Amino acid sequence: MIAKVLISFELNSKKIEVETEPDRRVIDLLREDLGLTGVKESCGRGDCGSCSILVDGFVRLSCLMLAVQLHGRKILTIEGLNELEGVSISVQDAFVELGAVQCGFCTPGMIMSTIDLLNSNPKPSRNEIREAISGNICRCGAYQKILDAVETVTEELSESKNV
Amino acid sequence: MKFNSINIGSILCRPDALLKVSGEAKFAVDYYENNCVWAGVKRALEPHAILKNIDCVNALKIPGVLKVLTHKDVQGTNRQGVIRKDQPVLVNDKIRHCGDAVALVLAETKSDLSLAIDAVQIEMERLPAVTDIATALETDSHLVHEHNEKSNILLAGDITVGKGLAAANQCDVLVEAKFETQRQEHAYMETENGWAWLDDEGRINIVCSTQTPFRDRVEIAEALGIDPKNIRIIVPYVGGAFGGKDGITVQSLLALAAQHSEGRPVKMWWNREESFLSSVKRHPSMMSYRLGAKLDGTLHFLDVDISLDTGPYDHLGGVVLALAMEHSGGPYRIPNGLIRGKCVYTNNPVGGAFRGFGVTQVTSAMERAVDLLAEKLGMDRLELRLQNALKAGDRNFIGKTLITSTGIIECLETLSRHKLWRRKLSWKCGAPIFKKRGIGISAVMHASGYGPVVPDYANAKLELTENGKFRIYCGVVDMGQGNTTANIQIIGSLLNQPVGRIEVILPDTDKTLPSGSASASRCTYTFGNALVSAAGIMRERLCQKVADLLMIKDSNEFSMVPEAIRHLPTNREIRLETIARTMDLAEKVVIAHFRAPVATDLVTNDQEMRLHGIPHNLFSYSANLAYIEIDEITGKVGVQKYLTVSDCGKVVNPQLYDQQIQGGICQGLGLALYENFETLDGYVLTKDLSTYLVPTSMDVPDVESVALGIHEPSGPFGSKGIGEISTNGPLPTIANAIFDATGHMLKKSPIKPEAVLAALERNLSR
């Protein structure tokens, strides 16, 4: 038994401190210890993107990170988007309206990758969107509507800036 | 929010999508109960062996390990299966594939569990594994099931059409080819899981990811020796299934674990590797085709021989074979021929239901044969298809008279008028350097429902709630296909209520009623029809109730309006909430039953074939077109355009319809070009999503989908099945496009760049 480690980080806009085992994965910490089950596990080895979260604004795979790596960082999960305004809400709305959700298991990860993309590139082309979400597998095959949804968001964003 | 119309034919955004984009939607896997015990399975990891002993001593020494259960702890038959009960919950005599469950371990934590599973030792005597169809059929082959009447054959049958093989000689042109399709893994994002608990009354409650809660209950009961009434199954949102959750996965194991967890809740969650190892797959197939025609292109004869590798258990293998045989001649009139089929036991992974269900395999063969025939006849491939395409009143290849809407001709004609077909030559000629272009087409039919013997019904329950809303109790699982949304539209439009006034209860064997499986492209057709009846009864009852309250004679003067019932002559309204208060519970609930019409055509006297589903009554159709570009240097095939024209009846919700079309094509393209679940001598080589390549956003083109919206009189609002048909198109369409580009018909899938390169090289050496 190895002693637990105390870590502190910002989770969905709230500062928290937790004690955790040094070998605990981020996804287990989030889902089991903190109840954030919107973060999904589908492969557990970095192949599918379902467990994507934002770490300091960049998309990361929570199945391949250790909890201790979160120390001092800002973490955003799908649950944290609900309290934010702006881009994230637009992305969520567009996914619903444009039919980008089927079974919904890949959806949280897909949305996190989308937000990461829009943070760095607010006006991506359809091909750039394809590339940005290519690490997120959607077995229902909703890609076309996911692309439509992200395109709609980017159009809305550029329109609102032009106003 | 936009798109919240409940009108049939309009887009209603899925109410569940709102929960799924916010992370609030709970899948079975998202429940972590207090004081939870983790359960896990020791897998055989051997394809064929006699089980000698299970040594649990070391496993039990590991701190945190609570129990190691074996077949000795199973009180019932220890056998599961849909048609034939041949799959053990826990192996008791013989290991028949690597994914067989041998022991069930209960532990305090996931890490204790994993250590203990490793520590369970299986003592066994290895047997030679039966790992291909040909070997399995040899007379001296080792037997997968020693007591099976027909050696390694699960089900075999043949159906003679017209003059049978004798008609081969009457053909002017005959083409012959052998096709082989691979084992395909469903790879649903939510792997198999669930949790269970024994309640105070001694009932076992299971929350799990399944397509078949009511059938599961009976299977678990028999296998474990429990009264089915003492099992409750609850199915929240399911993270994809595609046929792979059509039957038992974790259910019996969870129930067994709950019997031994001393009242504590039990959770089980297979990881990706375990899911790959243990779950059912699309049956690998070997298909021989001989297709013959008269000089004018009239199809005259077809001789088909289909063999499916079902692994060691039936699961739904026999039914898959029957559907494959039924569809082996595609959507064409073919007056003569022979259909032979067999489903063969091996020690490979278990074959089972997968979207397309046998039709995917035979369609890929038939449609390639049609292209080969067109070339030999010197005919246009679209003309040849149109000339022979089925219309209502025709008999299809197995001899079933088509009495439901039959739109394959309209599908093909619409395709022929589409710009992608008309501009194909100019596009093909515009190939850039080191690229070769080709255009492929295919015509597809796909049945829905269960066939003539297995009862195909649904029971819709509809309740007026205390606050005047309508609550739909649906026993048919929503694994992502969106039937919940269609149900809301049906009630909303028939009872004139906005979406916010309609609630849904997801499948729960205690609350909803048996309505069959979420499979066979039947969900909205069968349950929808029941729901339409329920809505009619409810409307009539409520209008009569209000008429009685107001002492107005004619209840026809009343109509439902949002949240109320209005007396049209006087505009007087009574709120539904008020009406609800005057009714007792029994009065507020309507239950309506629908039984799908079945075919009465006697196409075969073989009772086994009929039991397994031959023939069906209702079919959907599609015509497909793909533009592909081959990289001459690497052999990589890029799919540039994909058009599908479909006859799946009237469209209830165009967004849901598109989702089904696009998703099925995505999986079909995976089958055509990438996906291959590999084994060697029965051992599983494919263990993860980095070696099992499902299509990503980079691999699938935007699909153009044209829904013809032909009215099907027997369907709710004229609709019929949409769930599976699109999966069947891509493999033959892409193969035919490669044929168009290279002159070589590739007969083995997935069609890998190596095979395409070899085809190109054959051209160079000519």
Among the listed residues B:Val68, B:Val91, B:Val82, B:Val74, which satisfies the condition of being outside the structural domain of B:Glu678 (by TED's automatic domain parsing) and farther than 19 Å from B:Gly247 by Cβ?
B:Val68
If a residue must be assigned to a helix (DSSP H, G or I) and touching a Pro at 6+ places or on another chain (Cβ under 9 Å), how many such residues does the stretch B:15-60 contain?
4
Of the residues that sit in the stretch B:330-341 and are buried (at least 24 other Cβ atoms within 10 Å of the Cβ) and either on the phi > 0 side of the Ramachandran plot or not β-branched (Val, Ile, Thr) (or both), which one is farthest from the chain's Cα centre (by Cα)?
B:Gly337
Does A:Lys123 satisfy the condition of being more than 12 Å from chain B (Cβ to nearest Cβ), among the basic types (Lys, Arg), out of contact with any strand residue (DSSP E or B) (no Cβ under 7 Å at 6 or more places or on another chain) and touching a residue at least 24 places away in the same chain (Cβ under 8 Å)?
yes
Which listed residue is under 16 Å from A:Thr37 (Cα atoms) and either at pLDDT below 95 or more than 10 Å from every other protein chain (Cβ to nearest Cβ) (or both), from A:Leu66, A:Leu70, A:Leu84, A:Leu61:
A:Leu61
Give the residue, chosen from B:Leu106, B:Leu90, B:Leu113, that is buried (at least 21 other Cβ atoms within 10 Å of the Cβ), assigned to a strand (DSSP E or B) and at pLDDT 95 or above.
B:Leu106
Enumeration of residues in the stretch A:128-147 that are in a helix (DSSP H, G or I) and within 9 Å of another protein chain (Cβ to nearest Cβ)
A:Ile129, A:Arg130, A:Glu131, A:Ala132, A:Tyr143, A:Gln144, A:Lys145, A:Ile146, A:Leu147
Take the residues in the stretch B:24-43 that are crowded, with 24+ Cβ neighbours inside 10 Å and small (Gly, Ala, Ser); name whichever of them is farthest from the other protein chains (Cβ to nearest Cβ).
B:Ala39
Assess whether B:Val21 counts as being free of Cβ contacts under 8 Å to residues at least 40 places away in the same chain and either within 14 Å of chain A (Cβ to nearest Cβ) or surrounded by 22 or more Cβ atoms within 10 Å (Cβ to Cβ) (or both).
yes
Within the stretch A:12-39, tally of residues that are more than 13 Å from every other protein chain (Cβ to nearest Cβ) and part of a strand (DSSP E or B)
7
Go through the stretch B:627-680 residue by residue and tally those that are more than 13 Å from every other protein chain (Cβ to nearest Cβ), out of contact with any Pro (no Cβ under 7 Å at 6 or more places or on another chain) and charged (D, E, K, R).
6
Select from the stretch A:84-123 the residues that are farther than 13 Å from B:Ala17 by Cα, in contact with a Ser or Thr (Cβ under 6 Å, 6 or more places away or on another chain) and not in a helix (DSSP H, G or I) and list them in ascending order.
A:Lys123
Among the residues of the stretch B:576-614, how many are outside any helix (DSSP H, G or I) and either among the small types (Gly, Ala, Ser) or out of contact with any strand residue (DSSP E or B) (no Cβ under 8 Å at 6 or more places or on another chain) (or both)?
10
Evaluate the stretch B:737-752: report whether one residue or more is touching a Pro at 6+ places or on another chain (Cβ under 9 Å) and crowded, with 18+ Cβ neighbours inside 10 Å.
no
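Here's the yes/no breakdown for (1) in the same structural domain as B:Gln660 (by TED's automatic domain parsing); (2) at pLDDT below 95; (3) loosely packed, with under 15 Cβ neighbours inside 10 Å; (4) among the basic types (Lys, Arg):
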residue: B:Arg541; (1), (2), (3), (4): no, no, no, yes
residue: B:Pro562; (1), (2), (3), (4): no, no, yes, no
residue: B:Leu568; (1), (2), (3), (4): no, no, yes, no
residue: B:Arg575; (1), (2), (3), (4): no, no, yes, yes
residue: B:Thr578; (1), (2), (3), (4): no, no, yes, no
residue: B:Arg581; (1), (2), (3), (4): no, no, yes, yes
residue: B:Ile591; (1), (2), (3), (4): no, no, no, no
Where residues in the stretch B:387-418 are out of contact with any Lys or Arg (no Cβ under 7 Å at 6 or more places or on another chain), of a type in the set (A, V, I, L, M) and touching a residue at least 60 places away in the same chain (Cβ under 8 Å), which of them is surrounded by the fewest Cβ atoms within 10 Å (Cβ to Cβ)?
B:Ile403
Name the residues in the stretch A:61-92 that are among the charged types (D, E, K, R) and buried (at least 20 other Cβ atoms within 10 Å of the Cβ), would you?
A:Glu79
Evaluate the stretch B:185-195: report whether one residue or more is away from chain A (no Cβ under 14 Å), touching a residue at least 24 places away in the same chain (Cβ under 8 Å) and either touching a Leu at 6+ places or on another chain (Cβ under 7 Å) or not in a loop (DSSP other than H, G, I, E, B) (or both).
yes
Members of the stretch A:26-48 found to be over 18 Å from B:Ala28 (Cα atoms) and either crowded, with 22+ Cβ neighbours inside 10 Å or modelled with pLDDT under 95 (or both), listed by number:
A:Val26, A:Leu29, A:Cys48
Could you list, ordered by first residue, the pairs with Cβ atoms under 6 Å in which the first is in the stretch B:687-699 and facing chain A (nearest Cβ under 7 Å) and without any contact (Cβ under 8 Å) to a residue 24 or more places away in the chain and the second is surrounded by 17 or more Cβ atoms within 10 Å (Cβ to Cβ) and of a type in the set (Ser, Thr, Tyr), at least 6 apart or interchain?
B:Ser697/A:Tyr143
Can you tell me which residues in the stretch B:730-748 are part of a loop (DSSP other than H, G, I, E, B) and touching a helix residue (DSSP H, G or I) at 6+ places or on another chain (Cβ under 6 Å)?
B:His744, B:Met745, B:Leu746
Can you tell me which residues in the stretch B:700-728 are in a loop (DSSP other than H, G, I, E, B), more than 10 Å from chain A (Cβ to nearest Cβ) and β-branched (Val, Ile, Thr)?
B:Ile710, B:Ile722
Unique residue being part of a helix (DSSP H, G or I), surrounded by fewer than 24 Cβ atoms within 10 Å (Cβ to Cβ) and either assigned by TED's automatic domain parsing to the domain that holds B:Leu372 or at negative phi (or both) when the list is B:Lys428, B:Lys436
B:Lys428
Quick check on this structure: which one of B:Gln667, B:Gln659, B:Gln655 is at negative phi and over 19 Å from the mean Cα position of the chain (by Cα)?
B:Gln655
Quick one: which of B:Ala293, B:Ala353, B:Ala255 is assigned by TED's automatic domain parsing to the domain that holds B:Ala221, at pLDDT 95 or above, over 16 Å from B:Ala156 (Cα atoms) and crowded, with 24+ Cβ neighbours inside 10 Å?
B:Ala255
Considering the stretch A:44-83 alone, what residues qualify as being more than 18 Å from A:Thr107 (Cβ to Cβ) and touching a Cys at 6+ places or on another chain (Cβ under 8 Å)?
A:Gly44, A:Arg45, A:Gly46
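The values are calculated or read from the model by the stated rules, or taken from the named source; none is laboratory data. Here the structure is a predicted model, which means the values were calculated and not measured. Cβ sites come from the backbone with ideal geometry, for glycine too, and all protein chains shown count toward neighbours.
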